[in-house]
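Student: The structure is given below, and queries will be raised subsequently.
The values are calculated or read from the model by the stated rules, or taken from the named source; none is laboratory data. None of the values given here were measured: they were computed from a predicted structure. Note: ideal-geometry Cβ built from the backbone for every residue, glycine included; neighbour counts use all protein chains shown.
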Amino acid sequence: MSVTARSSPWLLAGPGTVLFTAFVILPLALTLVISFQHFEPNAATGSGFTFTNFVSILTDEYFLGIFWRTLKLSLLTTLACALIGVPEAYILSRMRDPWRSVFLLVIIGPLLVSVVVRAFGWSILLGSSGLVVQLGEMLGLGFGRLLYTETAIVIALVHVMLPFMVIPVWTALQRLDPSVEAASLTLGASALTTLRRVVLPQVSLGMLSGSLLVFGLSTSAFAIPGLLGGRRLKMVATLVYDQFLQELNWPLGAALAITLLVFNLAIMLAFNRFVEARARKVLG
Amino acid sequence: MQRNGPIAIAFHCLVIAFVLAPLVVICLVAFTPANTLSLPTTSFSLRWFYAIFAHGDFLTSFNNSLWLATLSATLSVAIAVPAGIAITRYSFLGRDALNALFLSPLIIPHLVLGVAFLRLFVLIGATGSFAWLVVSHTIIVTPYVLRLVMAALSGVEVNIEQAAQTLGASRFTVFRRVLAPMILPGVAGGWLLAFINSFDELTMSIFVTSPQTVTLPVRMYMYATESIDPMMAAVSALMIALTAVAMLLLDRAFGLDKVLVGQR
């Protein structure tokens, strides 16, 4: 009995463990290996051992420019999601049913619609004959060209990422006792003070985890820059795609992917540490 | 309870318009009689919907995606349920590491996984095989199932299982007659979430599909980068309609907010 009891969790989790070792750890290790290899034209993989790929990523202006753009657009997207998502979640939480559940569904429902579909929708809206450009002309604001610009990428990224900001803030707001807010108002604080001193500190944790999610997903976004950035405006994901499937330079592509992964993991770890410190402060 | 002021309502309307705008515009453009991506003004036409069925490629890809999502969601349930039981019901060395391993595809960008799978599949000569595509999708959807299964399992009191065992039920009987019925809603919700995630997956799939196994999102992405005609809008409108139906089913059965909000 004791032997089976000790081995049974491994029997239960065994098939999954084997599968995940063979298809997560092994392929990542293989990718790490080729990222340190020389590029061999006409061969799928490289050979030898070299730091060239990483050196060129860190020194070549073309690659640095793309990493910089990815960082910049991801930060802008995160900021915009926070500025839109946090107030929206707060407004939702103050609604009454059935409106509350209907609108929550409208906000998070698009999560289930393919990103390709949503990106395509924005390419229609932002295209030269699209609604947004026409609206701008009607109002006398010449937007100029919108499609295939960084603005277009950020707009569509915000659209795709917004639910990831609303959900954690919404969850945090659900835990907020409404009588605390009422107490603050009764004690003479203005609505703005109540919002700033009572509500915001409580939802800041939700906002932070939402920001992390949005930022992480934005840095590796593929379909949005692919469809709304055109051939010229690359982000890291579209660059990796080009290196792998068009230039066929697998070592460089792998090095780019590994750089992105390490960058993302580092941000997440730093962020987690920050959030934990913050949580200790907020929750006492 | 505090009410929303007029500024809040106006802000809310703008956000809702922003969220719905691209989806609504697709559904309108899909009915255009013209050859360009334009809003139908005087008449509506179904010609671009007929075009999908004449084009064939989209149907093949839809079929691929349907099979792929069904198989990978089912396979991930078969992995996540026992793994979830092991992680929530036993304490053993390496439990946390195992949990982290199973959830890691949520943290690793799909782009990186796509590159890694491509490398592995070329090495073992598995490129273009549908079976390996199923395996790769199983990996990325299993975390979603596992989270819901573990949430369902932690909602079941261990006492109930112990009572059944004390009364003479074998371990398997306890699972079949006691545990399984109680976690069924969580498992079913996980299956649906896995299905949808697999069906919509683009970034990883684009690296590992071959011309024979192209999935619908990959086909749509390729089509959208190469040509701009309203057929893409018609396909997208059908996808939106299908998703809306799935969403309503999911909402009726489990409460969409529970499945999606509980997800993160």
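Student: Would you pick out the residues in the range B:75-89 that are touching a residue at least 60 places away in the same chain (Cβ under 8 Å), at the interface with chain A (Cβ under 8 Å from one of its Cβ atoms) and within 14 Å of A:Leu19 (Cβ to Cβ)?
Tutor: Correct list: B:Ile79, B:Ala80, B:Ala83.
Yes or no, residue by residue, for (1) in a loop (DSSP other than H, G, I, E, B); (2) surrounded by fewer than 21 Cβ atoms within 10 Å (Cβ to Cβ); (3) of a type in the set (Val, Ile, Thr):
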{"position": "B:Ile26", "(1), (2), (3)": "no, no, yes"}
{"position": "B:Leu39", "(1), (2), (3)": "yes, yes, no"}
{"position": "B:Thr42", "(1), (2), (3)": "yes, yes, yes"}
{"position": "B:Ser45", "(1), (2), (3)": "yes, yes, no"}
{"position": "B:Leu59", "(1), (2), (3)": "no, yes, no"}
{"position": "B:Asn63", "(1), (2), (3)": "no, yes, no"}
{"position": "B:Leu68", "(1), (2), (3)": "no, no, no"}
{"position": "B:Pro82", "(1), (2), (3)": "no, yes, no"}
{"position": "B:Thr88", "(1), (2), (3)": "no, yes, yes"}
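Student: Can you find even one residue in the range A:59-71 that is within 14 Å of chain B (Cβ to nearest Cβ), over 17 Å from A:Ser220 (Cα atoms) and surrounded by 15 or more Cβ atoms within 10 Å (Cβ to Cβ)?
Tutor: no
Student: Still on this structure, I have one more. Taking the range A:115-140 as the search range and keeping residues that are part of a helix (DSSP H, G or I), at pLDDT below 85 and more than 7 Å from chain B (Cβ to nearest Cβ), which one is farthest from A:Gly230 (Cα to Cα)? Working first, answer last.
Tutor: Of all residues in the range A:115-140, those part of a helix (DSSP H, G or I) come to A:115-126, A:131-138.
Pick out the ones that are also at pLDDT below 85 and you get A:131-138.
Right, trim to more than 7 Å from chain B (Cβ to nearest Cβ) and you get A:132-138.
Working: A:Val132: 18, A:Val133: 18, A:Gln134: 21, A:Leu135: 23, A:Gly136: 22, A:Glu137: 23, A:Met138: 26 Å.
Ranking the qualifying residues of the range A:115-140, first place goes to A:Met138.
Student: Hand me the list of helices (runs of 4 or more DSSP H) wholly inside the range A:143-218 holding 1 or more residues that are of a type in the set (D, E, K, R) and either in contact with a helix residue (DSSP H, G or I) (Cβ under 7 Å, 6 or more places away or on another chain) or within 12 Å of chain B (Cβ to nearest Cβ) (or both). Give the derivation first.
Tutor: Numbers: elements: A:150-175, A:178-186, A:191-194.
Those helices (runs of 4 or more DSSP H) span A:150-175, A:178-186.
Student: How many residues are surrounded by fewer than 22 Cβ atoms within 10 Å (Cβ to Cβ), at the interface with another protein chain (Cβ under 8 Å from one of its Cβ atoms) and not charged (D, E, K, R) when one looks only at the range B:90-104? I'd like the intermediate steps shown before the answer.
Tutor: Keep residues of the range B:90-104 that are surrounded by fewer than 22 Cβ atoms within 10 Å (Cβ to Cβ), which gives B:90-101, B:103-104.
Applying the additional criterion that residues be at the interface with another protein chain (Cβ under 8 Å from one of its Cβ atoms) yields B:90, B:92, B:95, B:98, B:101, B:104.
Now narrow it down to the ones that are not charged (D, E, K, R): B:90, B:92, B:98, B:101, B:104.
Within the range B:90-104, residues that are surrounded by fewer than 22 Cβ atoms within 10 Å (Cβ to Cβ), at the interface with another protein chain (Cβ under 8 Å from one of its Cβ atoms) and not charged (D, E, K, R) number 5.
Student: Follow-up question, since we're still on this one. Within the range B:217-233, take every residue that is hydroxyl-bearing (Ser, Thr, Tyr) and in a helix (DSSP H, G or I) and give me the one that is nearest to the other protein chains (Cβ to nearest Cβ).
Tutor: Step one: filter the range B:217-233 for residues hydroxyl-bearing (Ser, Thr, Tyr), giving B:221, B:223, B:225, B:227.
Checking the rest, the ones that are also in a helix (DSSP H, G or I) come to B:221, B:223, B:225.
Values: B:Tyr221: 5, B:Tyr223: 9, B:Thr225: 7 Å.
Looking at the filtered set, the residue picked out is B:Tyr221.
Student: A further question on this structure: Which ones in the range B:16-32 are of a type in the set (Gly, Ala, Ser) and more than 7 Å from every other protein chain (Cβ to nearest Cβ)? Spell out how you get there, then give the answer.
Tutor: To start, the set of residues in the range B:16-32 that are of a type in the set (Gly, Ala, Ser) comprises B:17, B:21, B:30.
Correct list: B:Ala17, B:Ala30.
Student: Follow-up. Condition (residue is at the interface with chain B (Cβ under 7 Å from one of its Cβ atoms), hydroxyl-bearing (Ser, Thr, Tyr) and buried (at least 17 other Cβ atoms within 10 Å of the Cβ)) applied to the range A:93-114: is it met by at least one residue?
Tutor: yes
Student: Within the bounds of the range A:79-91, is there any residue that is within 14 Å of another protein chain (Cβ to nearest Cβ), within 30 Å of B:Asp229 (Cβ to Cβ), crowded, with 20+ Cβ neighbours inside 10 Å and of a type in the set (D, E, K, R)?
Tutor: Looking only at the range A:79-91, we keep the residues that are within 14 Å of another protein chain (Cβ to nearest Cβ), and these are A:80-91.
Filter again for within 30 Å of B:Asp229 (Cβ to Cβ), leaving none.
No, the range A:79-91 contains no residue that is within 14 Å of another protein chain (Cβ to nearest Cβ), within 30 Å of B:Asp229 (Cβ to Cβ), crowded, with 20+ Cβ neighbours inside 10 Å and of a type in the set (D, E, K, R).
Student: Then there's this: Condition test on B:Val214, is it at pLDDT 85 or above, under 19 Å from A:Phe244 (Cβ atoms) and not in a helix (DSSP H, G or I)?
Tutor: Details: at pLDDT 85 or above: yes; under 19 Å from A:Phe244 (Cβ atoms): yes; not in a helix (DSSP H, G or I): yes.
The answer is yes for B:Val214.
Student: On the given criteria, is B:Ala51 part of a helix (DSSP H, G or I), over 25 Å from the mean Cα position of the chain (by Cα) and surrounded by fewer than 21 Cβ atoms within 10 Å (Cβ to Cβ)?
Tutor: Details: part of a helix (DSSP H, G or I): yes; over 25 Å from the mean Cα position of the chain (by Cα): yes; surrounded by fewer than 21 Cβ atoms within 10 Å (Cβ to Cβ): yes.
Answer is yes for this residue.
Student: A further question follows. Check the range B:128-139 and report whether any residue there is over 30 Å from A:Ser35 (Cβ atoms) and crowded, with 16+ Cβ neighbours inside 10 Å. Step through it out loud before you land on a result.
Tutor: We begin by selecting, within the range B:128-139, every residue over 30 Å from A:Ser35 (Cβ atoms); these are none.
Taking every residue of the range B:128-139 in turn, none turns out to be over 30 Å from A:Ser35 (Cβ atoms) and crowded, with 16+ Cβ neighbours inside 10 Å.
Student: Residues that are at pLDDT 80 or above, under 16 Å from the mean Cα position of the chain (by Cα) and under 30 Å from B:Met222 (Cβ atoms): does the range A:163-181 have at least one?
Tutor: Within the range A:163-181 (the criterion being at pLDDT 80 or above, under 16 Å from the mean Cα position of the chain (by Cα) and under 30 Å from B:Met222 (Cβ atoms)), the answer is yes, since at least one residue qualifies.
Let's see how each residue does on (1) free of Cβ contacts under 8 Å to residues at least 24 places away in the same chain; (2) crowded, with 19+ Cβ neighbours inside 10 Å:
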position	(1), (2)
A:Phe244	yes, yes
A:Trp250	no, yes
A:Asn264	no, yes
A:Ile267	no, no
A:Ala279	no, no
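Student: Quick one: which helices (runs of 4 or more DSSP H) lie wholly within the range B:92-178 and hold at least 3 residues that are β-branched (Val, Ile, Thr)?
Tutor: Details: elements: B:95-103, B:110-123, B:130-154, B:158-166.
Passing ranges, in order: B:110-123, B:130-154, B:158-166.
Student: I need a count of the residues in the range A:49-58 that are part of a helix (DSSP H, G or I) and either among the polar types (S, T, N, Q) or surrounded by 15 or more Cβ atoms within 10 Å (Cβ to Cβ) (or both). Working first, answer last.
Tutor: Taking the range A:49-58 as the starting set, the residues that turn out to be part of a helix (DSSP H, G or I) are A:52-58.
Right, trim to either among the polar types (S, T, N, Q) or surrounded by 15 or more Cβ atoms within 10 Å (Cβ to Cβ) (or both) and you get A:52-54, A:56-57.
Of the residues in that region, 5 qualify.
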